[in-house]
Amino acid sequence: MATQNPIETEGTYPLPEAQVDRFMMKVLVDYPSDEEEFVIVQRVTGPAVAVSAVATTVQLAALQSECRRIYVDPSLVQYAVRLVSATRNPARHGLKDLARFITFGASPRATINLAEGARALAMLRGRSYALPEDMTDLVPDVLRHRLVLSYEALSEGFSADQVVGKIMAKILPPAKPLAHEKLAA
């Protein structure tokens with residue numbers, strides 16, 4: 001985990017793409033609301049609060065193991081493969097116009113992170129299986145930092161999120177990812 005402040009970057013340098021790719025997500029955090037900022041100031045300037053552990057390392061390992069048992073349907077994995085593949089070869093996925101905006105697409109690590117992220121989000125949402133929305137909710141966070149946009153994209157004001165949005169609009173999630181499970185039952 002790391003933070004990135006776009007202001008005052010003196011003394012800091014952008015990471016190479018290979019290092020950036022090792023981060024699972026790039027989550028954008030905006031300024032807090034007035035109410036949130038009030039709470040932040042109160043916590044920082046108020047009396048010290050005793051901090052205690054909420055989980056042991058053994059409990060965390062057990063949660064990780066439990067998360068690994070969350071079912072991700074093969075159709076969802078195929079969806080992730082198509083999304084990531086479209087960042088590398090947009091024309092093959094009916095997005096020929098996007099090719100000029102992407103210099104380098106996402107690596108296979110992005111596909112893995114989409115599947116693992118969907119699994120974790122399904123678990124947080126109280127399910128033992130992932131649904132398409134578990135994956136689609138994470139796609140921008142998992143892909144935005146993995147795309148290297150072309151100078152043409154930057155000069156035309158395109159952001160990675162806009163490119164990802166166009167890919168998601170074209171490549172739709174599976175309609176019935178668990179249909180084969182019903183047939184087997």
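Overview of values
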quantity	calculated
Radius 10 Å from Cβ of V164, net charge of other residues (Lys, Arg +1; Asp, Glu -1)	+1
Trypsin sites (Lys or Arg not before Pro) restricted to segment 16-77 and DSSP loop, no more than 11 other C-beta within 10 Å	R22, R69
Ellipticity estimate at 222 nm from DSSP helix runs (n ≥ 4, -39,500 (n - 2.57)) divided over the chain, nearest 500	-14000 deg cm²/dmol
Distance between modelled label sites at T3 and L28, nm, 7 Å Cα→Cβ extension	1.9
Fluctuation leader among P132, P32, P90 - the chain, Gaussian network, Cα springs under 10 angstrom	P32
Distance (nanometres) between label positions extended 7 Å along Cα→Cβ at V81 and L15	2.8
Most positive-pole-ward Cα, A86, V20, F104, against dipole of the chain from beta carbon charges	A86
Summed residue charge, Cβ within 15 Å of E66's Cβ, Lys/Arg positive, Asp/Glu negative	+4
Globularity index of segment 71-178, i.e. its alpha-carbon radius of gyration over 2.2 N^0.38 Å	1.06
Overall Cα dimensions of the chain - principal axes, largest extent first, Å	58, 54, 30
Net lengthening on full extension, L60/S155 (0.36 nm per residue, minus Cα-Cα)	29.7 nm
Chain lengthening between E37 and A99 when straightened (0.36 nm per residue, less Cα-Cα)	18.2 nm
For F104, distant residues with modelled amide H under 5 Å away	V148
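Values quoted throughout were computed directly from the atomic coordinates according to the rules given, and no laboratory measurement underlies them. These figures come from a predicted structure and were not determined experimentally. Neighbour counts run over all protein chains shown; Cβ positions are idealised from the backbone, glycine included.
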